[in-house]
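Asker: Okay, handing you the structure first.
The values are calculated or read from the model by the stated rules, or taken from the named source; none is laboratory data. If you're wondering where the values come from, they're calculated on a predicted model, not measured in any experiment. As a convention, Cβ positions derive from the backbone with ideal geometry for all residues, glycine included, and neighbour counts pool all protein chains shown.
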Amino acid sequence: MSKTLIRGAKVLGGEVQDVLIDGETIVQVGSGLSDEGAEVVEADGKVLLPGLVDLHTHLREPGREDSETVLTGTRAAASGGYTAVFAMANTFPVADTAGVVEQVYRLGKESGYCDVQPIGAVTVGLEGKKLAELGAMHDSAAGVKVFSDDGKCVDDAVIMRRALEYVKAFGGVVAQHAQEPRLTEGAQMNEGVVSAELGLGGWPAVAEESIIARDVLLAEHVGSRVHICHLSTAGSVEIVRWAKSRGIDVTAEVTPHHLLLTDELVRSYNPVYKVNPPLRTEKDVLALREALADGTIDIVATDHAPHPHEDKDCEWAAAAMGMVGLETALSVVQQTMVETGLLDWAGVAERMSAKPAAIGRLEGHGRPIAVGEPANLTLLDAAYRGQVDPAGFASRSRNTPYEGRELPGRVTHTFLRGRATVVDGKLA
Amino acid sequence: MMRHLISAADLTRDDAVLILDTAEEMARVADRPIKKLPTLRGRTVVNLFFEDSTRTRISFEAAEKRLSADVINFTAKGSSVSKGESLKDTAQTLEAMGVDAVVIRHGASGAPYRLATSDWIDATVINAGDGTHQHPTQALLDAFTMRRRLVGRDAGLGQDLEGKRITLVGDVLHSRVARSNVDLLHTLGAEVTLVAPPTLLPIGVENWPAEVSYDIDSVLAKSDAVMMLRVQRERMNAAFFPTEREYSRRYGLDGERMAKMPEHAIVMHPGPMVRGMEITAEVADSDRCTVVEQVANGVSVRMAVLYLLLGGNESAAAQ
């Protein structure tokens, strides 16, 4: 088996150490380790993190291979420092059967760039009416543990209750896209001062908050855990904080774009800023950062949502919702959380690797950087500064809100079970 | 002057007064036996209408023809747009034919802004109404009408609407006319009051340069002009108000309410009116109601906008 020595890395941003990988495993951590028989990666004080884990990725395959495939999506993930992604179920056909989740799982295995853990739909066809065969998806080769109708809300309270209860039998979790559908008919952007001026249909914060409030109470009532996707408002933070203080088993994620961008950007009517849930206000952004820092929000998840150029090169109302995020997530977190002093790198590792793996019950990822652990690692040049250039993305889509924006940090190496998927910032 | 007209909020006070003064010159042309100027001879203007709006299109068309422009009318129905062609492709196709200006009406808020700021086309873009966002020429013709009636045809030249008290009543939430009027009237120094049931006011209206009231009767006596906005009957199906009759009783303008207005005050409406809903026939047909004047003024104002945006630099009436 091949050996790799990562020399002089700041492990979790702390002490400078060498890390020796043999085969798929970390075999030594220390200083002045011998490089005999090993390929050497000179880290020069770069930050070494556990391989990132994304609990919320849209890989689009099967069905929308014009925007992303499992292969291009996992290449984008590796470029961004990820070693595992959870693939959302809103494909065509919907991942609501054992057959579809096994297909996605197999494509992930074949890609070789990162592990792909399929998410199963909660309801048949994401229609919110009839439970999908959750047990069959769990028992399949894909071993599904996270279920979500993401893109749509499980809005029927009874269906949601049953799903929360049912997945307890096999340690599953329901990840809710919190959006009260009636309150968001025709919604185009955050409802507030900016939408009033722009004449775009409002997506009120209460449409998210009311569903989260209901679902944490349901989770408490039936004794289940529940995960909240892409939490976006200050009010949602308050509800989750209250729920956790009551001992309710709730976890929550925030996207990088909700940590950085606000609805003021919509004044450009450029659909690259159109996303669901929508960009909110400065007050929300600050509340989300604070909540991620204090643990009210558990993790960062990208909601990487690729769309073909024509779906964004049009008028706002006609445009698709969503942004790509895998290749910029760590940079945005560095800017909004690390460089603001809200989190250290150990905190980032917790929120972008350990916790997402724990919520999704994914083994072999999110582990400490220690002897005997699988060598899933990300090396970050945190001193790097550069403008985002979508032309360099590994993703098949280019719908990034950060084009031309200066962001810090660049992933130079990613290791998946000891094998380099990214070397010197380029896909291996 | 700017190159495009997208939002009333983009106009400075001096821009707006120049447009209104130019419109007065254009109005004199309409009084001549031959109502035509050679100003835009050889220039091509396309009226690109993705939404049905016969009155606005005809008004622009009349303005363009009086300035001797070559006019192309494009309506989305029955065109390649209904077969899935995008706004970008439609605009580029028209520009390839050598269009100097695009007058666009679109159901999506921001579509004209997108057309003007993307690299899709080079032509001048004039917003003829986009979604629930803006309808700047409507606001200009309304301001023109107010200035004539409240300041005077000749006395108004060079003047704005400083201190005039203007009340807008009705469906502010879904109204591009309301948004444009609030922006322009504020720029021109008027004091604006919005009256509507709370359901028909947008969240965020508190940041607009306007007062808000839920009670029409309390503001009528303090209004120099009352503009009634159209209220679609279907709105009651989405619970914006309980019934048509209740809306009329609480927010409609009838003869009794009109009598509370000052002697000189006018009643305006952007049309089309829903008689019996927001306005009674008695008010609509009274001398104080300027609906028909607004239509005539619309042609003069649109002539002025086309003339100024397409590079008119001599006095219009001198030609």
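Asker: In this structure, does B:Asp31 turn out to be over 18 Å from the mean Cα position of the chain (by Cα) and either modelled with pLDDT of 95 or more or assigned by TED's automatic domain parsing to the domain that holds B:Arg147 (or both)?
Answerer: On the way: over 18 Å from the mean Cα position of the chain (by Cα): yes; either modelled with pLDDT of 95 or more or assigned by TED's automatic domain parsing to the domain that holds B:Arg147 (or both): no.
In short, no.
Asker: Okay, moving on. Which residue out of B:Thr243, B:Thr280, B:Thr290 is touching a Leu at 6+ places or on another chain (Cβ under 8 Å) and not aromatic (Phe, Trp, Tyr)?
Answerer: On the way: B:Thr243 fails: touching a Leu at 6+ places or on another chain (Cβ under 8 Å); B:Thr290 fails: touching a Leu at 6+ places or on another chain (Cβ under 8 Å).
Just a single option satisfies the conditions, and that option is B:Thr280.
Asker: Considering only residues that are more than 18 Å from A:Thr262 (Cβ to Cβ) and of a type in the set (D, E, K, R), look in the range A:175-208 and name the one that is farthest from the other protein chains (Cβ to nearest Cβ).
Answerer: Filtering first and then ranking leaves A:Glu180.
Asker: Working carefully through the options B:Leu229, B:Leu253, B:Leu309, find the one that is buried (at least 17 other Cβ atoms within 10 Å of the Cβ) and over 22 Å from B:Met146 (Cα atoms). Explain how you work it out, then say what you get.
Answerer: Numbers: B:Leu229 fails: over 22 Å from B:Met146 (Cα atoms); B:Leu253 fails: over 22 Å from B:Met146 (Cα atoms).
Matching residue, one of B:Leu229, B:Leu253, B:Leu309: B:Leu309.
Asker: When both residues are 6+ apart or on different chains and their Cβ atoms are under 8 Å apart, which pairs have a first residue that lies in the range B:103-132 and is on the phi > 0 side of the Ramachandran plot, and a second that is of a type in the set (Lys, Arg) and assigned to a helix (DSSP H, G or I)?
Answerer: B:Gly129/B:Arg176; B:Gly131/B:Arg176
Asker: Within the range A:216-230, restricting attention to residues that are aliphatic (A, V, I, L, M) and touching a Ser or Thr at 6+ places or on another chain (Cβ under 9 Å), which residue is farthest from A:Pro277 (Cα to Cα)? Break it down stepwise before answering.
Answerer: Filtering the range A:216-230 down to residues aliphatic (A, V, I, L, M) leaves A:216-219, A:222, A:226, A:228.
With touching a Ser or Thr at 6+ places or on another chain (Cβ under 9 Å) added as a condition, the list becomes A:218, A:226, A:228.
Working: A:Leu218: 22, A:Val226: 19, A:Ile228: 12 Å.
Here the residue is A:Leu218.
Asker: Under the condition of being buried (at least 24 other Cβ atoms within 10 Å of the Cβ) and among the polar types (S, T, N, Q), which residue from the range A:27-78 is farthest from the chain's Cα centre (by Cα)?
Answerer: Filtering first and then ranking leaves A:Ser67.
Asker: Let me ask something else. Sort out which residues of the range B:91-115 are surrounded by fewer than 22 Cβ atoms within 10 Å (Cβ to Cβ) and either within 11 Å of chain A (Cβ to nearest Cβ) or aromatic (Phe, Trp, Tyr) (or both), and write them in order of number.
Answerer: The answer is B:Gly107, and nothing else.
Asker: Additional query: If you check B:Leu11, B:Leu40, which single one turns out to be under 24 Å from B:Gly158 (Cα atoms), touching a Ser or Thr at 6+ places or on another chain (Cβ under 7 Å) and hydrophobic (A, V, I, L, M, F, W, C)? Walk me through it before giving the result.
Answerer: Working: B:Leu40 fails: under 24 Å from B:Gly158 (Cα atoms).
When all the criteria are applied, what remains is B:Leu11.
Asker: Follow-up. Tell me the strands (runs of 3 or more DSSP E) entirely within the range A:1-78 that contain at least 2 residues that are of a type in the set (Asp, Glu) and touching a Cys at 6+ places or on another chain (Cβ under 8 Å).
Answerer: Working: elements: A:3-11, A:16-22, A:25-30, A:38-42, A:47-50, A:52-57.
Per the criteria, no element qualifies.
Asker: Could I ask something else about it? Determine whether the range B:32-48 contains at least one residue that is within 14 Å of chain A (Cβ to nearest Cβ) and outside any loop (DSSP other than H, G, I, E, B). Don't jump to the end; show me each part of the working.
Answerer: Residues of the range B:32-48 that are within 14 Å of chain A (Cβ to nearest Cβ), as a first pass: B:48.
Remaining after also requiring outside any loop (DSSP other than H, G, I, E, B): B:48.
Among the residues of the range B:32-48, at least one is within 14 Å of chain A (Cβ to nearest Cβ) and outside any loop (DSSP other than H, G, I, E, B), which makes the answer yes.
Asker: Kindly provide the set of residues from the range B:49-72 that are buried (at least 21 other Cβ atoms within 10 Å of the Cβ) and either of a type in the set (A, V, I, L, M) or not assigned by TED's automatic domain parsing to the domain that holds B:Ala304 (or both), ordered by number.
Answerer: Here is the first cut: in the range B:49-72, the residues buried (at least 21 other Cβ atoms within 10 Å of the Cβ) are B:49-50, B:56, B:59-60, B:63-64, B:66-67, B:69.
Selection gives B:Ala63, B:Leu67, B:Ala69.
Asker: A further question follows. Considering only the range A:306-314, I want to know if a residue exists there that is over 20 Å from A:Gly73 (Cα atoms), surrounded by fewer than 23 Cβ atoms within 10 Å (Cβ to Cβ) and within 14 Å of another protein chain (Cβ to nearest Cβ). Working first, answer last.
Answerer: We begin by selecting, within the range A:306-314, every residue over 20 Å from A:Gly73 (Cα atoms); these are A:313-314.
Of the ones still in play, those that are also surrounded by fewer than 23 Cβ atoms within 10 Å (Cβ to Cβ) are A:313-314.
Subset that is within 14 Å of another protein chain (Cβ to nearest Cβ): A:313-314.
Yes, some residue in the range A:306-314 is over 20 Å from A:Gly73 (Cα atoms), surrounded by fewer than 23 Cβ atoms within 10 Å (Cβ to Cβ) and within 14 Å of another protein chain (Cβ to nearest Cβ).
Asker: State the number of residues belonging to the range A:221-238 that are in contact with a strand residue (DSSP E or B) (Cβ under 9 Å, 6 or more places away or on another chain) and in a helix (DSSP H, G or I).
Answerer: 2
Asker: If you scan the range B:128-163, which residues turn out to be among the polar types (S, T, N, Q) and away from every other protein chain (no Cβ under 11 Å)?
Answerer: Passing the criteria: B:Thr137, B:Gln138, B:Thr145, B:Gln159.
Asker: For A:Arg361, are the conditions met, namely being among the basic types (Lys, Arg), surrounded by fewer than 24 Cβ atoms within 10 Å (Cβ to Cβ), at negative phi and at pLDDT 95 or above?
Answerer: Working: among the basic types (Lys, Arg): yes; surrounded by fewer than 24 Cβ atoms within 10 Å (Cβ to Cβ): yes; at negative phi: no; at pLDDT 95 or above: yes.
The answer is no for A:Arg361.
Asker: Give the residue, chosen from A:Gly360, A:Gly347, A:Gly322, A:Gly295, that is under 14 Å from the mean Cα position of the chain (by Cα) and within 29 Å of A:Trp242 (Cβ to Cβ). Steps first, please.
Answerer: Numbers: A:Gly347 fails: under 14 Å from the mean Cα position of the chain (by Cα); A:Gly322 fails: within 29 Å of A:Trp242 (Cβ to Cβ); A:Gly295 fails: under 14 Å from the mean Cα position of the chain (by Cα).
Result: A:Gly360 is the single residue among A:Gly360, A:Gly347, A:Gly322, A:Gly295 that is under 14 Å from the mean Cα position of the chain (by Cα) and within 29 Å of A:Trp242 (Cβ to Cβ).
Asker: How many of the residues in the range A:123-161 are part of a helix (DSSP H, G or I) and either of a type in the set (A, V, I, L, M, F, W, C) or farther than 23 Å from A:Glu209 by Cβ (or both)?
Answerer: Within the range A:123-161, the subset part of a helix (DSSP H, G or I) is A:124-126, A:134-139, A:157-161.
Okay, now just the ones that are also either of a type in the set (A, V, I, L, M, F, W, C) or farther than 23 Å from A:Glu209 by Cβ (or both), so A:124-126, A:134-139, A:157-160.
Within the range A:123-161, residues that are part of a helix (DSSP H, G or I) and either of a type in the set (A, V, I, L, M, F, W, C) or farther than 23 Å from A:Glu209 by Cβ (or both) number 13.
Asker: Kindly indicate which of A:Gly112, A:Gly143 is surrounded by fewer than 18 Cβ atoms within 10 Å (Cβ to Cβ) and modelled with pLDDT under 95.
Answerer: Numbers: A:Gly143 fails: modelled with pLDDT under 95.
Of A:Gly112, A:Gly143, the one residue that is surrounded by fewer than 18 Cβ atoms within 10 Å (Cβ to Cβ) and modelled with pLDDT under 95 is A:Gly112.
Asker: Also, I was wondering about something else. Please tell me if A:Gly32 is free of Cβ contacts under 8 Å to residues at least 24 places away in the same chain and more than 26 Å from A:Lys355 (Cβ to Cβ). Full working, then the answer.
Answerer: On the way: free of Cβ contacts under 8 Å to residues at least 24 places away in the same chain: yes; more than 26 Å from A:Lys355 (Cβ to Cβ): yes.
Yes, satisfied.
Asker: Looking at B:Val274, B:Val283, B:Val231, which is the one that is more than 14 Å from B:Asp217 (Cα to Cα), modelled with pLDDT of 95 or more and of a type outside the set (Gly, Ala, Ser)? Please lay out each step first, then the result.
Answerer: Values: B:Val274 fails: modelled with pLDDT of 95 or more; B:Val231 fails: modelled with pLDDT of 95 or more.
Among B:Val274, B:Val283, B:Val231, only B:Val283 is more than 14 Å from B:Asp217 (Cα to Cα), modelled with pLDDT of 95 or more and of a type outside the set (Gly, Ala, Ser).
Asker: Turning to a different aspect of this structure: Could you figure out which of (1) touching a Pro at 6+ places or on another chain (Cβ under 8 Å); (2) crowded, with 21+ Cβ neighbours inside 10 Å isn't true of A:Ala175?
Answerer: Checking A:Ala175 against (1) touching a Pro at 6+ places or on another chain (Cβ under 8 Å); (2) crowded, with 21+ Cβ neighbours inside 10 Å, the one that fails is (1).
Conditions (1) of a type outside the set (Gly, Ala, Ser); (2) within 13 Å of chain A (Cβ to nearest Cβ); (3) more than 29 Å from B:His106 (Cβ to Cβ), marked per residue:
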residue: B:Arg165; (1), (2), (3): yes, no, yes
residue: B:Val169; (1), (2), (3): yes, no, no
residue: B:Arg176; (1), (2), (3): yes, yes, no
residue: B:Asp183; (1), (2), (3): yes, yes, no
residue: B:Leu188; (1), (2), (3): yes, no, no
residue: B:Leu229; (1), (2), (3): yes, no, no
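Asker: Look through the range B:141-162, keep the residues that are under 21 Å from B:Val299 (Cβ atoms) and free of Cβ contacts under 8 Å to residues at least 24 places away in the same chain, and return whichever of them is surrounded by the most Cβ atoms within 10 Å (Cβ to Cβ).
Answerer: Going through the qualifying residues, I end up with B:Val151.
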